[in-house]
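Here the structure comes first, spelled out in structure tokens, and everything after it is commentary.
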Amino acid sequence: KSKGQIKTLSGGTEIVRPLDYQNNSTYQRYAAYDTLNVNASNVLTSAKYDWVQAAVHVTASGDELRKNAGKEQIINLVEARVKNAFRTAANNMSIDLFSSGSLTNQMGGLGAIITAAGTGTVGGIDSGTYTFWANQFKEIAASDAWTKSTIKGQMMIVWMNAVRGNDQPQLLISTNDFYAAYWEGQADLARYNDPTASGKTSSLPPALKFHNADMLFDSNSNFTATGEKMYFLNLDYLELCVMKSANWNQLDDKVPTNQDAVLIPIIFQGQLTCSNRARQGILLDAQ
């Protein structure tokens, strides 16, 4: 969100995102009347993603509403439940953003875009056919027991493979185990980011630094605390595309015809997209 990578769209049967996976091949040095290269510079120009939808509902019976109406009300029942619904939505979106999209109607999160061997079809493009579309990866061999002394070297391999010129990962998200090993190994030299240094507040906790990137840990139910996994994310090429009319929008109250109750739908429609898988990476342990 702070990178401006949440894009609202007005419609469309699919989400189409232009690719940004290689330099423009028409660059040339020329003199005088040399013929300029105006050939097309790539074959594939876009990736296509399907919309996914999610909803959460706030419900209240007529009895509850009547008991909490008027000046004697104990709480603003609807307001409290709406706040709870948005917290629930945020927690489940975190799970979906890390997911492989294996559940019914689930978005293809980081687990789908950044795979253990760079394989898979993402945005309609098969990295087995188009090798430029594979993400970077490093699997620590089963015979190598990673430690606080060796984890940095393993991270360096993925980092350097993901870098292209000025393009480099800006965010590392790790399971607790990898994060703790790196933290312990850098204890004497640890640097922390200041989320208010730029004059802007941040919802992120203070992070360790790896080169210029922030390094955080996450242990949601998809990622797990001891999953021995670390993502190297170049956020310039990751976008959460959201339908403008379904960006966790609260719809009008609905009253069932056969119940004394009210329900309020809150809906989402969108997808996590990537325009350059080669600039994303993953470190994982084979064991």
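The values are calculated or read from the model by the stated rules, or taken from the named source; none is laboratory data. Since the model is a prediction, treat every value here as computed from it, not as a measurement. Virtual Cβ from ideal backbone geometry, glycine too; neighbours counted across all protein chains shown. These area figures cover heavy atoms from the full protein model, side chains too; ligands, DNA and RNA do not enter into them. Shrake-Rupley method; radii C 1.70, N 1.55, O 1.52, S 1.80 Å.
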Go through the range 133-142 and report how many residues are open to solvent by 50 Å² or more (accessible area, probe 1.4 Å) and modelled with pLDDT under 95. 2
Are any residues in the range 218-233 among the small types (Gly, Ala, Ser) and open to solvent by less than 40 Å² (accessible area, probe 1.4 Å), and if so, which ones? ALA225, GLY227
Among the numbered criteria (1) open to solvent by less than 50 Å² (accessible area, probe 1.4 Å); (2) among the polar types (S, T, N, Q); (3) modelled with pLDDT of 85 or more, which one does ASN91 miss? (1)
Could you grab me the full set of residues in the range 211-234 that are outside any loop (DSSP other than H, G, I, E, B) and small (Gly, Ala, Ser)? ALA213
Answer yes if at least one residue in the range 57-72 is open to solvent by less than 80 Å² (accessible area, probe 1.4 Å), in contact (Cβ under 8 Å) with a residue 40 or more places away in the chain and under 27 Å from ALA278 (Cβ atoms), and no otherwise. no
Run down ASP253, ASP260, ASP236 and say which single residue is among the charged types (D, E, K, R), open to solvent by 10 Å² or more (accessible area, probe 1.4 Å), closer than 23 Å to LYS138 by Cα and in contact with a strand residue (DSSP E or B) (Cβ under 8 Å, 6 or more places away or on another chain). ASP236
Tabulated pairs, the range 123-144, first free of Cβ contacts under 8 Å to residues at least 60 places away in the same chain and β-branched (Val, Ile, Thr), second outside any strand (DSSP E or B) and open to solvent by less than 70 Å² (accessible area, probe 1.4 Å), C-beta under 7 angstrom, 6+ apart or interchain: none
Any idea how many residues of the range 27-56 are among the β-branched types (Val, Ile, Thr), modelled with pLDDT of 80 or more and surrounded by fewer than 13 Cβ atoms within 10 Å (Cβ to Cβ)? 2
Inspect all residues belonging to the range 169-190 and state whether any of them is at pLDDT below 65 and part of a loop (DSSP other than H, G, I, E, B). yes
Filtering the range 1-23 down to residues that are within 19 Å of ARG279 (Cα to Cα), open to solvent by less than 60 Å² (accessible area, probe 1.4 Å) and more than 17 Å from the chain's Cα centre (by Cα) yields LEU19, TYR21
Restricting to the range 143-178, and then to whatever is open to solvent by 10 Å² or more (accessible area, probe 1.4 Å) and touching a Lys or Arg at 6+ places or on another chain (Cβ under 7 Å), can you tell me which residue is farthest from ASN23 (Cα to Cα)? GLN154
Qualifying position, being free of Cβ contacts under 8 Å to residues at least 24 places away in the same chain and either part of a strand (DSSP E or B) or among the basic types (Lys, Arg) (or both), among ASN249, ASN258: ASN249
